[in-house]
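Below: the structure, in structure tokens.
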Amino acid sequence: MAEVRSLNFIEEIVERDLREGKYEKIITRFPPEPNGYLHIGHAKSICLNFGLAATYGGETNLRFDDTNPVTEETEYVESIKEDIRWLGFQWHRERYASDYFEQLYEFAVKLIRKGLAYVDDSTSEEIAAQKGTPTTPGTESPYRSRSVEENLELFAAMRAGKYRDGEKVLRAKIDMAHPNMHMRDPIMYRIKHAHHHRTGDKWCIYPMYDFAHGQSDAIEQITHSICTLEFVPHRELYDWFIEKLEIYPSKQYEFARLNMNYTVMSKRKLLRLVNEGHVAGWDDPRMPTISGMRRRGYTPESIRDFCERVGVARRDNVIDVGLLEFCVREHLNKVAERRMVVFDPLKLVITNYPEGKTEMLESENNPEADNGGTRPVPFSRELYIEREDFMENPPRKYFRLAPGQMVRLKSAYIVRCDEVIKDSSGNVVELRCSYLPESRSGADTSGVQVKGTIHWVSIPHAVEVEVRLYDRLFKVENPDEGEGDFTDYINPDSLTIIEKAYGEPELLTARTSAKRYQFLRKGYFCLDTSSTDDKLVFNRTVTLRDTWGGGKK
RNA sequence: UGCCCGAUGGUGUAACUGGCAACACGCCUGAUUUUGAUUCAGGAAAGUCCAGGUUCGAGCCCUGGUCGGGCAACCA
């Protein structure tokens, strides 16, 4: 009996609609505005919309909500498409709200003819004043009672470019005293003499979101139009337009957007991080953008898994970034090949090992994989180990190297630290050790048991690589709520670059294999896109789980 | 002072629609381990915002509160 995952509230609605024969198949849509890059919050929406269509045998359209030419660009369209594809989803139709401009215009004319829309000459300040406040009713515009003929003429003139930006708008005629602010004669069209990324200079009037989104849904016969909670008050207007226009009755459903601690999620703030140079770009590995996470080494599988785990509901939520990290680790643990890389080298010389000798040892690529295979790792008399894997005065349960103590060198031999060499100022510069020849990995007859195993790299065979370590972008859980600006809380240590780390020679194949790795005991890494043949750069996707208290009580 | 949402362990979701609160992350213990990883076993942690009501029985229904969030861009 397979475990049945309980349905989220939207799946329940869909199943009921299907069961009752309301629809033969469902059609959803993902409607980004091309004014920024997609982030992990969008991923949740993408997984929801595309996931619904996939599990219930429907279709999902990709529709760009491009009704504001001043903020939208083709660059964003391209990045959005790339991100969706990378996440593993395929849209049915690629559409743009701008594809429907002509039809939307006709819709507006229809409303004017029905006496349900009018051209208003009020300034934006006047309109704002007319709106009233949430607790006090609004007042009617002096232009509200223009005749249908006059409105028709004026609206046509607006389209024809007879007026300047802001001179006139087209408003729906509903109710200025409506308790729902969105129903107080909302603006349908505004004048913007701006170049549009798709329609060029064809139009100088552009529909507002409320007069474009639901209508586009209807045109595409979207059955379930899923959006986030902030659009709940818009639903009444969404339904009003559909009813008055007598078009396909798409239904809007709202869910709670994804929030995550230690980061910001609004496009406006992400744009500021980019523009003000706090990060290197939209795809900076510290960004919660899809492109940033991709560059950081996250896998599509892990992001989809994450979106599945966070669930879909209607209450505000803040997801612990730890859950995201768990999801990548779980996936990468199964697929990443293991490699040894020393970040902070300490020289270790094996005094009883022949000078000039090189031994090729075999090491498992991935103990979690059935056929992971092995790779050769060169071993010699002089090695680098991690400086933190040695302590002159170790705490009680320190399993690593210390004077007189033994450790296993991963996939190699057991060594004992015999002597500590220091420089004139007392810094440890070298460890003189002896190895147990009968303790070779896989052929250990020494009978010696050690608690610790550490990674290492043979000095003469080591390859130098750059390693970039990332920490959370913000120092506090919620950068939005503190005093001052959210940028005040940026973590100054969110990026640590180790220009010279020493890796085993097998790493040289990274350029052509483009694999993801687990650097033993260090975390999961992937090759950064800035790598060249001369210089390999690795990004740390996430550390390994660490439950060791570091020796402290 | 209006309208609209929401409220279940630290976090996020469940609870077959009224039948003695479950799963995951995190945390703690122990076992295994040539990664202090993984894996495995076990544990702590909410009595479901509050007060009434309906009912044999309420996290689910009703009423009234409380608390949190949203709504007054020619943004989406």
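The values are calculated or read from the model by the stated rules, or taken from the named source; none is laboratory data. What you are looking at is a predicted structure, and each value in this text was computed from that prediction instead of being measured. Glycine also receives a Cβ, built like all others from the backbone with ideal geometry; neighbour counts cover every protein chain displayed. For accessibility, only protein heavy atoms count, side chains too; no ligands or nucleic acids. Shrake-Rupley method; radii C 1.70, N 1.55, O 1.52, S 1.80 Å.
Here are a few things to note about the model shown:
- Computed with every protein chain present, the accessible area of A:Trp548 is close to 100 Å² [probe 1.4 Å].
- Near the amide H of A:Tyr253, within less than 5 Å, lie the amide hydrogens of A:Ser225, A:Ile226, A:Cys227, all on another chain or at least 5 residues away, with H placed in the peptide plane.
- Farthest towards the positive end of the charge dipole of chain A, among the residues A:Phe525, A:Met208, A:Ile303, is the Cα of A:Phe525, using unit charges on the Cβ of Lys, Arg, Asp and Glu.
- Each residue was assigned an accessible area with a 1.4 Å probe, and for A:His178 the value is about 30 Å².
- Total lysine pairs under 24 Å (Cα atoms) in the range A:503-553, excluding pairs fewer than 8 apart on one chain: 4
- Antiparallel bridges, percent of DSSP beta bridges restricted to chain A (to nearest 5): 70
- Per-residue surface analysis assigns A:His197 an accessible area of about 50 Å², computed on protein heavy atoms at 1.4 Å probe radius.
- Calculated [θ] (222 nm, deg cm²/dmol) that DSSP helices of n ≥ 4 give over chain A, each run adding -39,500 (n - 2.57): -7500 deg cm²/dmol
- If R0 is 25 Å, the Cβ-Cβ spacing of A:Glu82 and A:Gln103 corresponds to a FRET efficiency of close to 0.30.
- Around the Cα centre of the range A:236-281, unit charges on the Cβ atoms of Lys, Arg, Asp and Glu (plus for the first two, minus for the last two) sum to a dipole of about 380 debye.
- Placing +1 on the Cβ of every Lys and Arg and -1 on the Cβ of every Asp and Glu, with nothing else charged, gives the range A:409-553 a dipole about its Cα centre of roughly 780 debye.
- Exceeding the 31 Å Cα-Cα cut-off - candidates A:Lys114/A:Lys269; A:Lys357/A:Lys451; A:Lys173/A:Lys251: A:Lys114/A:Lys269
- Cysteines in chain A lacking a second Cys C-beta under 4.7 Å: A:Cys204, A:Cys227, A:Cys327, A:Cys417, A:Cys433, A:Cys526
- This model, with +1 at the C-beta of Lys and Arg and -1 at the C-beta of Asp and Glu, gives the range A:111-267 a dipole about its Cα centre of some 320 debye.
- Among A:335-343, A:144-152, A:211-219, the order from most to least packed when residues are scored by Cβ within 10 Å on average: A:211-219, A:335-343, A:144-152
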